[in-house]
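Before I ask anything, let me first share the structure, which is written out below as structure tokens.
The values are calculated or read from the model by the stated rules, or taken from the named source; none is laboratory data. This one's a predicted model, so the numbers in the text were calculated from it and none came from an experiment. Here the Cβ positions follow ideal geometry from the backbone for every residue, glycine too, while neighbour counts run over all protein chains shown. Just so you know, the surface numbers come from the protein's heavy atoms only, side chains and all, with ligands and any DNA or RNA stripped out. Shrake-Rupley method; radii C 1.70, N 1.55, O 1.52, S 1.80 Å.
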Amino acid sequence: MKKLLVIIPIVVVVLSACRKRLDNFLFNPDTSITEYLMDDYTGPGELTLGASYVIPDSLVHKFTFESTDEGKTETIHAIYIGDLSKISTDTVILYCHGNAGHMDYYWARQKLIAHAGGKNHFGVLQLDYPGYGLSTGAPTESNMYASVGHAIDWLKSKGLSNDKFYMYGFSLGSAPVCKITAAKTYALTPSKIVIESPFASAEVMVQDAAGLNMPGSYFVNLKIDNAEQIKNIDQPLLWIHGTDDDFLSIVTHGEVFYKNYKGAYGEALRVEGGNHPDVPAVFGYANYLLTLTKFLQK
Amino acid sequence: MKHTIFLVSVIWLSSCAPTQFVVPLEKGEHVVNTSLGGPIVNIPGIANIPIPFTSLGYGYGLTDKSVISGALYPTAGIYGNFQLSAGYTHELWKKEKFNFTGRAGFDYMLDTYEKNSRLWPQLDGNVAFTYQNNQDERADKRKIIYLGFSNWFELNATKAHGEKQSKRWFFNPHIGHQMKRNQWAFHFELAFLAPNISNEKVVLDYKSAFGNRGATGIYFGLQYHIK
């Protein structure tokens, strides 16, 4: 009996020493591809667009750049919609995608945004974070920020200025947008941001699932905290969220995030019946583009 | 964003382990126990499965009517958390094959990264029916069906970002069966976790007998009795 009373705590301590964290579950990348198929992609996707949203090949540019974080350099794949030679005079939206798959999943979204204000009125850039699609490395919170930062470096090198630079973050992508905008230490700082279906913080995700008031540190080391970052953002904000989001609740995530915004101009678009991945479709592409255009051109 | 995020962080904490002592131990009797099981969730593309929470516990018969007990949770340990529960169980009523026990206890959790700690008080009650009781000098065979409830209480009035903690009481009814044979006892429990709380619009796809309320949990336990 005494042996058992000694053994049990030892087992628990030993297991505690093999500490695992759930940070990796934030990322759900697909690295099975050998190339980006874009319009020819037929796998899981978030939106389906008609033929009228096709972008001319001459305005679609696939390229790579390097991203360094904590001593590791990764090759990042990116897609730019627009005229590369006119980036310095165009207005560009940097689109930060969600946690699933790779850029093909979000290609339709990128094309849709490229129709705000008319076809190819804005340049739109998206990238695959490290460990997504063809981008090398394994995804972490830190190297995600770094890769977006290097995408900004690339835009800066093409002559883009702050006043013509906007950022759009969807779901997971809300984290780099808020982090970078609040930090004001990157090569460019966006003059407006659009945040669609954000999470308030990793802690809210944990507490939503647990019901109890449980610290996020019980399961993750993630520092993502959009609800705090947004307090330090002055730029105009368009927040979009579906009322029926069954993944990131509009009440516990979106409303908390938006309530903390104290900047110059905030606009909330609560899309009735919208779920997590389908807000633009439920709202209607035309309505979505009109709202987006009005905000960006205000 | 796919719904697999935080898949294994199924943390309906009030469901870490099944009920252990629905009838009191004899005075001076020791029990070590272990359990496996948790709330059922849907893992996309795989199945609906109970999450494999584990516990390692100990109980001691203070008197013929009262038990003190405690447990540690290896699953929490894997995630870098120290989780401990302890409680006092007392037989409040007994008549022939029926008895009713109440338990007051707590669950404590501390993470080893940021040293955040939480304590949740618990109040449990169980009615047990011993429908087979064959005890003599050679053998001890008992079979018990029990019905009861566990209540967890959230002490904090606010949660992340200063938002109101609207859920302060977690009510978890359950039904179970224990089968004891000499020093060993095996038990199975079906729990209906927080059926008063919506399970919609969270990152996990809980499965519940009550549809969009709470979660259903399945647990298996093993005890070793030492007199």
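For B:E163, A:E196, B:E200, give the ranking by accessible area with the largest first, probe 1.4 Å.
Solvent-accessible surface, decreasing: B:E200, B:E163, A:E196.
Continuing with this model, one more query. Need the C-alpha centroid separation for segment A:21-84 versus segment B:111-147, integer Å.
About 53 Å separates the Cα centre of segment A:21-84 from the one of segment B:111-147.
Right, another one. Which FRET efficiency value, to the nearest 0.05, is calculated for B:S166 and B:K227 with the Förster distance at 56 angstrom and r the Cβ-Cβ distance?
0.75
Quantify how much of the Cα-Cα distance distribution of chain B extends past 26 Å, in percent.
For chain B, the share of Cα pairs beyond 26 Å comes to 37 percent.
Also, I was wondering about something else. Which part of segment A:161-188 falls in the paramagnetic zone of A:T89, meaning amide N under 18 Å from the point 7 Å along Cα-to-beta-carbon?
Taking a point 7 Å out along Cα→Cβ of A:T89, the residues of segment A:161-188 whose backbone N falls under 18 Å are A:161-165.
What whole-number distance in Å separates the alpha-carbon centres of segment A:172-200 and segment A:113-137?
15
Another one. Report the Cα-based extents of the protein assembly as shown along its three principal axes, largest first, to the nearest Å.
Rounded to whole Å, the extents work out to 94, 45, 41 Å.
In the full protein assembly as shown, how much of B:F82 is accessible to a 1.4 Å probe, in Å² to the nearest 10?
80
Compute the signed sum of charges (Lys and Arg +1, Asp and Glu -1) over the other residues within less than 14 Å, Cβ to Cβ, of A:T89.
0
Here is a follow-up. Could you give me the radius of gyration and the Dmax of segment A:127-223, taking only the C-alpha atoms into account and expressing both in angstrom?
Considering segment A:127-223 through its Cα atoms, Rg and Dmax are 15.1, 49 Å.
Using the Cα centre of chain B as the reference point, and only Cβ charges (+1 on K/R, -1 on D/E), how large is the resulting charge dipole? Debye, rounded to the nearest 20.
About 280 debye.
Using the eigenvalues of the Cα gyration tensor, what equivalent ellipsoid semi-axes result for segment A:21-297 when each is taken as the square root of five times the eigenvalue, whole Å, largest first?
Each semi-axis is the square root of five times an eigenvalue, giving 26, 22, 19 Å.
Moving to a separate point now. With a 1.4 Å probe and every protein chain left in place, tell me how much accessible area A:K119 has, in Å² to the nearest 10.
Accessible surface of A:K119 is approximately 100 Å².
B:Y108 to B:N42: extension gain in nm, 0.36 nm per residue of separation minus the Cα-Cα distance?
Gain on extension, B:Y108 to B:N42, equals 21.0 nm.
About its Cα centre, what dipole magnitude does chain A give when the only charges are +1 on Lys and Arg Cβ and -1 on Asp and Glu Cβ, stated in debye to the nearest 20?
That gives chain A a dipole magnitude of about 780 debye.
Separate question: Could you work out the Kirkwood radius for segment B:101-227, taking every pair of different alpha carbons, averaging 1/r and inverting it, reported in Å?
17.2
Restricting to bridges with both residues inside chain A, how much of the DSSP beta-bridge set is antiparallel, in percent to the nearest 5?
Counting DSSP beta bridges with both partners in chain A, the antiparallel share is about 35 percent.
A further question on this structure: Could you state the angle between the C-alpha long axis of helix A:285-297 and the longest principal axis of the C-alpha atoms of chain A, as a value from 0 to 90 degrees rounded to the nearest 10?
Here the helix axis deviates by roughly 80 degrees.
Report the charge-dipole magnitude of segment A:190-295 in Debye, nearest 20, computed about the Cα centre from +1 at each Lys and Arg Cβ and -1 at each Asp and Glu Cβ.
Charge dipole, segment A:190-295, about its Cα centre: 400 debye, nearest 20.
If you don't mind, there's one more thing I want to ask. Could you work out [θ]222 nm for chain A from helices alone, using -39500 (n - 2.57) per DSSP H run of at least four and dividing by all its residues? Round to the nearest 500 deg cm²/dmol.
-8500 deg cm²/dmol
Might you work out the accessible area of B:S117 for me, using a 1.4 Å probe with all protein chains in place, and round it to the nearest 10 Å²?
Roll a 1.4 Å probe over it and B:S117 shows about 50 Å².
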